[in-house]
Structures are given as structure tokens and as C-alpha cells.
Amino acid sequence: MKQQFVETIKIKNGKALALPYHQARMERTIRRFFPSIASEEINLSSLISPKEEMNLYKARVVYGAQGVEAIEYAPYKMKEIHSLKVVEDDFIDYTYKRTDRSALNALVAQKSDCDEIIIVKNGLITDTSFTNLALFDGKKWLTPKHPLLQGTKRAQLLETGIIEEADLTPEDLKKAEKVSLFNAMIDFGEREVEIQRIL
């Protein structure tokens with residue numbers, strides 16, 4: 001099966017955001033899966049061409065063995081998330097941001113009446129199906145040390161000291177005050193869920 005990967009880049013007020021983080025992750029992925037093209041200069045900042053009227057858009061860059069294969073732009077509307085369900089899967093692997101999300105989608109199918117899931121792997125909290133997360137313990141924001149995906153927003157938040165890494169269990173989740181969900185498109189603090197809304 002053809003391996004394809006994706007970077008989802010936020011465009012706000014006509015500007016593509018956090019490009020160095022997306023560039024670094026894309027280069028890591030290319031070195032790992034397509035070493036033969038690793039020396040080719042694939043520069044996201046020259047490939048992405050946001051228009052001034054793009055107030056809140058998502059640029060989806062799909063790449064594979066041939067380099068960048070598609071770039072799509074679409075208006076972005078943030079999903080409402082008010083409740084979360086904890087699901088377990090010790091074998092899930094989404095270390096690299098693939099276009100194939102079938103394993104994640106199978107877990108989302110278990111969310112019952114909740115809006116989204118929190119995935120627990122080997123007894124530790126990882127991510128939701130499409131965001132990284134952090135728990136507020138009353139003093140500080142803690143994010144899983146071993147997320148499914150090293151998100152670009154997560155990298156920024158760690159760098160600036162807004163969140164800290166820790167091994168987090170479902171017990172830590174019960175003791176926390178709230179959970180923040182974030183990714184390249186969702187800013188920290190834009191989607192928070194109260195602990196009592198987590199099954």
C-alpha cells in the first residue's frame with residue numbers, strides 16, 4: 001500500500017502559521033520513510049500560498065515517495081467538543097501523521113454518546129483521535145510524555161513552558177480539574193472539557 005503522510009497547516013488572516021514546526025516534522029518523516037528524496041529541498045513556505053481573504057483556513061499538504069503530491073485549502077470550522085470517552089488500545093501506532101487514519105477511526109467508533117475519545121495505551125493517556133491534550137491539576141498543565149503523535153502545537157507549548165511532560169494515567173485524569181485539547185488548528189484554551197464530562 002502506498003504510504004502517504006500529511007501536514008495540516010493553519011492559515012489565519014492570510015498567513016500560514018507555525019511553518020518551521022511543520023517543516024521539521026515533514027523532514028523527519030521523509031528521512032524515515034523516503035530517504036531517497038531526503039536531500040531534495042521541499043520547502044513548505046514556498047509551496048503554501050495563502051490568500052489575504054483566508055481568515056481561518058486549513059491547508060492540507062499530502063506527501064509521499066514523490067515528494068508533495070497535493071495541497072488543498074478549505075475553510076476551517078472547529079468541532080464542538082463537550083464530552084470525552086476513555087478507550088484503550090495497547091497496539092495503536094500513529095507516530096507519523098499518515099493519511100490512513102483507519103486505526104484511529106475504529107477507536108472513534110467506540111465513543112457512544114460522547115463527542116470524542118481519549119486513547120489510553122499501555123495504561124497511559126496519549127491523545128484524542130485528532131488532538132494532543134493536557135490536564136490541569138490545579139497548579140500546572142501536564143501533557144502525556146508519550147503522545148501518539150508529536151503535534152506541532154504541543155512542541156510550541158512545551159518550548160514556551162506553558163505545558164510540561166509527564167506520564168499520565170486514567171487516575172490522574174480523575175484527579176485533574178479540566179482537559180485542554182489542541183492541535184495545529186485549535187489554539188490552547190479554545191477547547192476545554194470539564195472532568196465530570198469524561199466517561
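In the chain, what percentage of the DSSP-assigned beta bridges are antiparallel, given to the nearest 5?
Working: 32 of 42 bridges.
Counting only bridges with both partners in the chain, antiparallel ones make up about 75 percent.
Using only DSSP helix segments of four residues or longer, with each worth -39500 (n - 2.57), what per-residue ellipticity at 222 nm results for the chain after dividing by its residue count and rounding to 500? Please report the intermediate quantities before stating the final value.
Numbers: 5 runs with 40 residues, N = 199.
Helices in the chain give a 222 nm mean residue ellipticity of -5500 deg cm²/dmol.
Could you give the longest part of the chain that holds none of the GluC sites (Glu not before Pro) found in DSSP loops with at most 15 neighbouring Cβ atoms within 10 Å? Intermediate results must be reported in sequence, preceding the final value.
Numbers: sites that count: E40, E41, E52, E53, E80, E177, E190.
Here the longest run is 81-176.
State the percent of C-alpha pairs, over all pairs in the chain, separated by a distance greater than 28 angstrom.
Details: 5539 of 19701 pairs.
Tail of the P(r) past 28 Å holds 28 percent of the pairs.
If you bin the C-alpha pair distances of region 21-85 every 5 Å from 0, what whole percents do you get?
Going from the shortest bin to the longest, the percentages are 4, 14, 22, 19, 13, 12, 10, 5, 2.
Find, among the trypsin sites (Lys or Arg not before Pro) in region 1-68, those assigned to loop by DSSP (not H, G, I, E, B) with at most 11 other beta-carbon atoms within 10 angstrom.
Values: sites: K2, K10, K12, K15, R25, R28, R31, R32, K51, K58, R60; in loops: K2, K51.
Here the trypsin sites (Lys or Arg not before Pro) that fit, given the DSSP loop and packing criteria, are K2, K51.
Once you order the gyration tensor axes a ≥ b ≥ c over the Cα atoms, which shape class does region 82-136 get: rounded for a/c under 1.5, otherwise prolate or oblate by comparing a/b with b/c?
Verdict is rounded for region 82-136.
Pairing the Cα long axis of helix 19-33 with the longest principal axis of the chain, what angle in degrees results, from 0 to 90 and rounded to the nearest 10?
Between the helix axis and the principal axis of the chain, the angle is about 80 degrees.
Calculate one ³J(HN,Hα) per residue across region 193-199 by plugging θ = phi - 60° into the Karplus curve 6.51 cos²θ - 1.76 cosθ + 1.60, and present them in order as whole Hz with x for glycine and proline.
10, 6, 4, 5, 9, 10, 8
Of K140/K178; K85/K178; K15/K58; K85/K140, which ones are farther than 21 Å apart at the Cα?
Details: K140/K178 11 Å; K85/K178 14 Å; K15/K58 11 Å; K85/K140 23 Å.
In this structure, K85/K140 lie more than 21 Å apart at Cα.
Quick one: Debye curve from the alpha-carbon atoms of region 89-199 only, equal weights, vacuum; give me log10 I(q)/I(0) at q = 0.10, 0.19, 0.22 Å⁻¹ to two decimals.
Taken in order of the listed q values, log10 I(q)/I(0) reads -0.25, -0.99, -1.37.
Laboratory data are not the source of any read-out in this text; all were calculated from the coordinates shown. Here the structure is a predicted model, which is why all the values come from computation and not from measurement. All Cβ positions, even for glycine, are placed from backbone atoms using ideal geometry, and neighbour counts span all protein chains on display.
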